[in-house]
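Engineer: One structure is given below, represented as structure tokens, and several questions about it will come after.
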Amino acid sequence: MLVPYIAVHGGAGFHSMKYEKEIKGALRRYDRSCTFSDAPSNQLPSVGWSRHNSPNASLSMVENAICVLEDVEHLNAGYGSNLTIEGSVECDASVMCAQGRHFGSAGAVSGIKNPIRLARCILDYSRIPNRFGRVAPLTLVSDGAYKFVTNAGGIETVLPEALVSPTAQALWEKWKAQLDAPQDVTNDIADEDDPETSLQNIQDTVGSVAFHPVAGMAAGVSRFWGLLMKYPGRVGEAAIFGAGCWATQVPSGFEGMACSISGTGEHIIRENLAAKLGSAMAPSKAADGKQVDTDPHEILSRVLHEFWESCRERGVENPAVGVLLLVSEDESFVRLWCGFTTASMAIGYASSESGKPKAFILRHPNYKARASDKPQISVTSLSLT
């Protein structure tokens, strides 16, 4: 019989060896002694396993795991996030559950300590029947999202500058000087062969996928701005339905999937990548009525290859994307997959019956910062038992 599983990621991009210990520590930070209930999301404990048969258990696992990652300086979410071109912090986040395909997201919001809490609150609000027949929003952005928070209460707000870390401020100042310099002046800030100083690699997202035997699959993603030096008001894939996360499951069965996406939001949105992967993983039958084999490794590799080729056709030199994929095939099998096209991707995972949570920074064995004619795709499968 299946037990609860959870996996998290610290984004696809570049993860410096200098902060590897801190990043792995954050990805392992689970309090396995706490329990979940049907309480509002803002009243739930930090991270842990549900000992209750709650229909919200997997959503709560995802929400609270992402909250931990949003508070880590060396991950691009919450405190320590990349800054906009104006030096400010804005957030995108979303969460989705397989049961009913309920979804909630927020985009381009400032002053929210944990944007995933806001996304969960929007999802919960969308479930409440409205006596006037008004359709509840899936997504709220900017001032409207912030007002929703203040009206709902229970979600921590902070001064926007409180989310700016010294490291993020210093990085912004270097790149702002580069952008403001005359075109005939070259500042020696970045080496395009060094992923640690490449502007295109200073990006990532945090996310989580979870499975609970009663609540099913759930997924979430959070990005407190994401790409460095982007324009204020920009909404990335973390807030878009079908782009940043997806969760689906066969009714009255265990077969399903959940994915959380990281990378360059504009490219991911164009491909509607999370929903595309969900459709590719859906059970199907051939003309003769036999079940079509849906091998996760083959499907993930193919979808990432198609993403790469589509981006290259539009002139994108090195398309950046990472996928954390959780798959359940029957009542006794759950497996985790990770695929990415960047220098590295940070992941962690655990189950309610396993030992200590595990964390890895997966590094692309042959990654090149310069443009490559061949897809730079790395796909790894991990056993959760």
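Engineer: To the nearest 0.05, how large is the calculated FRET efficiency for SER279 and THR167 if R₀ is 45 Å and r is the Cβ-Cβ distance?
Structural biologist: Between SER279 and THR167 the formula returns 0.70.
Engineer: When only DSSP loop residues count, what trypsin sites (Lys or Arg not before Pro) in the range 309-385 have their Cβ near at most 14 other Cβ atoms within 10 Å?
Structural biologist: Working: sites: ARG312, ARG314, ARG335, LYS358, ARG363, LYS368, ARG370; in loops: ARG314, LYS368, ARG370.
In loop regions of the range 309-385 (DSSP not H, G, I, E or B), the sparsely surrounded trypsin sites (Lys or Arg not before Pro) are ARG314, LYS368, ARG370.
Engineer: Still on this structure, I have one more. Less than 11 Å Cβ to Cβ from VAL250, Lys/Arg counted +1 and Asp/Glu -1: what total charge do the surrounding residues give? Mind dumping the intermediate values first?
Structural biologist: Working: positive: none; negative: GLU255, GLU329, ASP330.
It works out to a net charge of -3.
Engineer: What ³J(HN,Hα) values, in whole Hz, does the Karplus curve 6.51 cos²θ - 1.76 cosθ + 1.60 give for the range 105-121 when θ = phi - 60°, with x put for Gly and Pro?
Structural biologist: Values per residue, Gly and Pro as x: 8, 9, x, 6, 10, 10, x, 10, 5, 10, x, 5, 4, 5, 4, 5, 4 Hz.
Engineer: Note the full-extension length gain between LYS18 and SER332 as 0.36 nm times their separation in residues minus their Cα-Cα distance, in nm to one decimal.
Structural biologist: Details: separation 314, 0.36 × 314 = 113.04 nm, distance 3.91 nm.
My answer for the length gained is 109.1 nm.
Engineer: Name the shape class, rounded, prolate or oblate, that the alpha-carbon gyration tensor gives for the range 109-151, where a ≥ b ≥ c are the square roots of its eigenvalues, rounded holds for a/c under 1.5, and otherwise prolate holds if a/b is larger than b/c and oblate otherwise. List each step's numbers first, then the result.
Structural biologist: On the way: a/c = 2.59, a/b = 1.90, b/c = 1.36.
The shape class here is prolate.
Engineer: Set the Förster distance to 35 Å, then compute FRET efficiency between VAL250 and THR157 from the Cβ-Cβ distance, nearest 0.05.
Structural biologist: On the way: r = 40 Å, r/R0 = 1.13.
Taking R0 as 35 Å, the efficiency between VAL250 and THR157 is 0.30.
Engineer: Here is a follow-up. May I ask you to rank VAL250, VAL321 by accessible area, largest first, using a 1.4 Å probe over the protein chains only?
Structural biologist: Numbers: VAL250 55, VAL321 0 Å².
Result, largest first: VAL250, VAL321.
Engineer: Sticking with this one: Given H placed on each backbone N at 1.01 Å, which residues far from GLY10 in sequence or on other chains put an amide H within less than 5 Å of it?
Structural biologist: Those lying under 5 Å, H to H, from GLY10 are ALA346, ILE347.
Engineer: If a/c stays under 1.5 just call it rounded; otherwise compare a/b with b/c (prolate if a/b is bigger, oblate if not). Do that for the range 292-385, with a ≥ b ≥ c from the square roots of the Cα gyration tensor eigenvalues.
Structural biologist: Values: a/c = 3.44, a/b = 1.66, b/c = 2.07.
Verdict is oblate for the range 292-385.
Engineer: Using the Karplus curve 6.51 cos²θ - 1.76 cosθ + 1.60 with θ = phi - 60°, work out ³J(HN,Hα) for each residue of the range 235-240 in order, rounded to whole Hz, and write x for Gly and Pro.
Structural biologist: Per-residue couplings from phi come out as 10, x, 5, 5, 10, 9 Hz.
The values are calculated or read from the model by the stated rules, or taken from the named source; none is laboratory data. This one's a predicted model, so the numbers in the text were calculated from it and none came from an experiment. Because the Cβ atoms are built from the backbone with ideal geometry, glycine has one as well, and the counts that use them run over all protein chains shown. Keep in mind that these areas ignore ligands, DNA and RNA; they rest on the heavy atoms of the full protein, side chains included. Shrake-Rupley method; radii C 1.70, N 1.55, O 1.52, S 1.80 Å.
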